[in-house]
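Reading through the C-alpha cells given below for one structure.
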Amino acid sequence: MTASIAPSAQAVPLHPQAAAVADTTATDEPATDALPACQARTGDALAARYRHVRARSLALAAPLSPEDAMVQSMADASPAKWHLAHTTWFFELFVLGRDPDYRPYRPDWHYLFNSYYQSAGPMHARPARGLLSRPSLAEVLAYREAVDDAIDEAFARDALDPVARQVLLLGTHHEQQHQELLLTDIKHALWCNPLRPAYRDDLATAAASSSSPSAWIGFDEAVVEIGAPAWPRATEFAYDNESPPHRVLVPAHALASRPVNNAEYRAFIDAGGYREPALWMSEGWARVQAEGWTAPLYWDEDGERAFTLGGMRVIDPHAPVCHLSYFEADAFARWAGARLPTEAEWEQAARPLAVIGHFADDDRLQPCAPAATGRGLAQMFGDVWEWTASAYGAYPGFRTLPGSLAEYNGKFMCGQWVLRGGSCASPRDHLRASYRNFFYPPDRWQFSGLRLARDEQ
C-alpha cells in the first residue's frame with residue numbers, strides 16, 4: 001500500500017517502531033473468515049462508518065474559531081485542534097503506518113499528537129497542548145483531509161488487510177470518544193471565559209417539563225453474566241476492558257427508576273450537604289474545602305442558572321443533575337439514605353433495554369427530563385453518565401489487545417471509577433450495556449450524574 005499525500009516527505013516510518021506498534025495480530029487471533037463482514041472485507045459498511053465519524057468530528061468543530069480550537073483550560077482537557085489532530089494521527093500511525101512504504105504526512109507531528117502510547121515513542125506533555133499554536137487549525141484540517149484521502153484510496157484498492165480493518169474500526173470508536181471530549185473540553189474552556197460565550201446559539205431549549213417521583217425497581221439475588229465477548233474474536237465490537245463475559249453474584253437490591261434530577265440535588269444543597277463532613281469520603285471532603293465546592297460545576301451562585309453549550313440557561317428542575325464528581329454523587333446517595341449501584345447491578349438492569357435516550361445525535365447537548373417514567377427504568381442510556389460504586393479494574397480473565405493498543409485501556413486500571421450509560425454528548429451508536437467509562441473521583445467536567453441504589457432484604 002502506497003499513499004502519496006506528502007510528496008516532499010521522505011519515505012521513512014513514523015517512528016522506528018512503527019512497523020510493529022499497530023500490529024494487533026497474535027497467535028490466538030481469529031482467522032480472517034471469523035471476522036464480521038465489515039471487517040473481513042473492504043466493504044461499504046466500514047468505509048461508510050469511517051467517513052461518517054470523521055465528518056461528524058468536523059461538524060462538531062465547525063462552530064469554533066481558530067482561537068477557540070487552540071485553548072486549553074486545564075490539564076485534564078485538550079484543545080479541540082489537538083483532538084482533531086490526534087484522532088487523525090491514530091489512523092495514520094496504526095492503519096496507514098502498517099505499510100512500510102507509507103510516506104507520513106509530517107513525521108515531526110508524531111511527537112505532537114501522540115497521546116499516551118509510550119511504545120510508539122515520546123510525546124508532547126499533555127498539560128502543554130494549549131501551547132501548540134503551530135501547526136495552525138487550517139494545517140490540522142489539511143492533515144485530516146490528506147489522511148482521509150489515503151484511507152479512501154486504500155479502500156478503493158482493497159489494500160487494507162484484516163488487521164488494518166480491525167484497527168480502523170477501533171479507531172472510529174476511539175474518535176467518537178474524542179468527539180464527546182471535544183464537547184466537554186470546549187464547554188469548560190468557554191465557561192472559563194468571563195463572558196460565558198455559547199458554543200452554539202442555536203441549540204434548542206428544552207420545553208417545560210415535569211417528572212414523576214422516582215420509584216424503586218427491585219431485583220432478586222441472582223448470578224448474572226456481565227461483560228462482552230472479546231473482540232475481534234467476537235463479531236460485535238467492544239473494547240478490551242469490557243471482556244470477557246463472566247458471572248457475578250448480585251445480591252437483592254433496588255435501583256431508582258430514573259437518575260437524580262436537579263430539584264432533588266438542590267434539596268441536598270439546601271440541606272447543607274456541602275457543609276456536612278459526615279456525608280463525604282475523606283478525600284472528597286478535602287476537595288470540597290480546598291476548591292470551595294457548593295454546587296455542581298457550572299451552576300451559578302443562586303442555583304437558578306447553569307452554563308451550557310448554549311450559554312447560560314435556566315436550570316430545568318426535572319432534568320438529570322450533571323457535572324458531578326464521584327465524591328458528590330456518593331455524598332448525595334449517603335444523604336438520601338441510599339448508595340450508588342455497582343456496575344454489575346447497572347449492567348444487569350440495562351441489558352434487556354434498548355439504547356434509547358438523549359444523545360449527541362439529538363443536537364441538544366444538554367440532559368433532558370425523561371419523556372415518561374412509567375413503571376420501569378428510564379434514562380439508563382444517554383443524558384448523563386451514571387457513577388457507579390465500582391472501581392475501574394480488570395475483569396477475571398481480562399487480556400489487553402496486542403501491541404501498542406494494549407495501552408488503550410488496561411494501563412489506566414488504577415484509581416478510577418466506572419461510569420455507565422453514556423450522555424447527551426455521546427454518539428448513540430457508540431454505546432451498549434457493557435460499555436465501561438472511567439474517570440478519577442474528583443472529575444466534574446464530564447456529563448456525569450447518578451442513579452440511586454439500595455440493598456433489599
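The values are calculated or read from the model by the stated rules, or taken from the named source; none is laboratory data. In this text, all values refer to a predicted model and were calculated from it rather than measured experimentally. Every residue, glycine as well, gets a Cβ built from its backbone with ideal geometry; the counts of neighbours run over all protein chains shown. All accessible areas refer to the heavy atoms of the entire protein, side chains included, with ligands and DNA or RNA removed. Shrake-Rupley method; radii C 1.70, N 1.55, O 1.52, S 1.80 Å.
Summary table below
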item	result
Cα convex hull volume per residue for segment 379-457 (Å³)	136
A222-A391 FRET efficiency (beta carbon distance; Förster radius 22 Å; 0.05 resolution)	0.50
Sites A215 and A271, calculated FRET efficiency, Cβ-Cβ separation with R0 22 Å, nearest 0.05	0.50
Å³ per residue enclosed by the Cα convex hull of segment 216-455	132
Overall form of segment 53-95 per C-alpha gyration tensor (a/c, 1.5; a/b vs b/c)	oblate
Solvent-accessible area, 1.4 Å probe, carbon plus sulfur percent, for the chain	54
Full-extension gain in nm, E456 to Q289, via 0.36 nm per residue minus C-alpha separation	56.7 nm
Heavy-atom accessible area ranking, 1.4 Å probe, most first, across C368, C192	C192, C368
Whole-number Å³ per residue for the convex hull built on Cα positions in the chain	143
Isotropic mean projected area of the C-alpha convex hull, segment 126-247 (nm²)	14.8
Debye log10 I(q)/I(0) for segment 169-209, one point scatterer per Cα, at q = 0.22, 0.28, 0.30 Å⁻¹	-0.81, -0.92, -0.96
Label point distance in nm, C192-D152, each placed 7 Å from Cα along Cα→Cβ	3.6
Nearest-ten-degree value, helix 282-291 long axis tilted from longest Cα axis of the chain	80
Between 0 and 90°, nearest 10: helix 80-94 axis offset from the chain longest Cα axis	50
Segment 127-158 and segment 339-378: distance between their alpha carbon centers, rounded to Å	35
Degrees between helix 326-335 axis and first principal axis of the chain (Cα, 0 to 90, nearest 10)	20
20 °C / 1.002 mPa s Stokes-Einstein diffusion coefficient of segment 303-414, Kirkwood radius on C-alpha pairs, µm²/s	127
Per residue, in Å², the accessible surface of the chain once ligands and nucleic acids are set aside, probe 1.4 Å	41
Debye intensity ratio in log₁₀ form over the Cα atoms of segment 42-192, taken at each q of 0.09, 0.16, 0.19, 0.20 Å⁻¹	-0.27, -0.85, -1.18, -1.29
Kirkwood hydrodynamic radius over Cα pairs of segment 145-192, then Stokes diffusion coefficient at 20 °C and 1.002 mPa s, in µm²/s	169
Label point distance in nm, A252-R339, each placed 7 Å from Cα along Cα→Cβ	1.6
Amide N of segment 86-110 lying under 16 Å from the label point, which is placed 7 angstrom from the Cα of R56 along Cα→Cβ	87-88
Rounded, prolate or oblate (a/c below 1.5 giving rounded, otherwise prolate when a/b exceeds b/c) for segment 251-376 by Cα gyration tensor	oblate
Theoretical FRET efficiency, 1/(1+(r/R0)^6), r = Cβ-Cβ of A371 and Y440, R0 30 Å, to 0.05	0.35
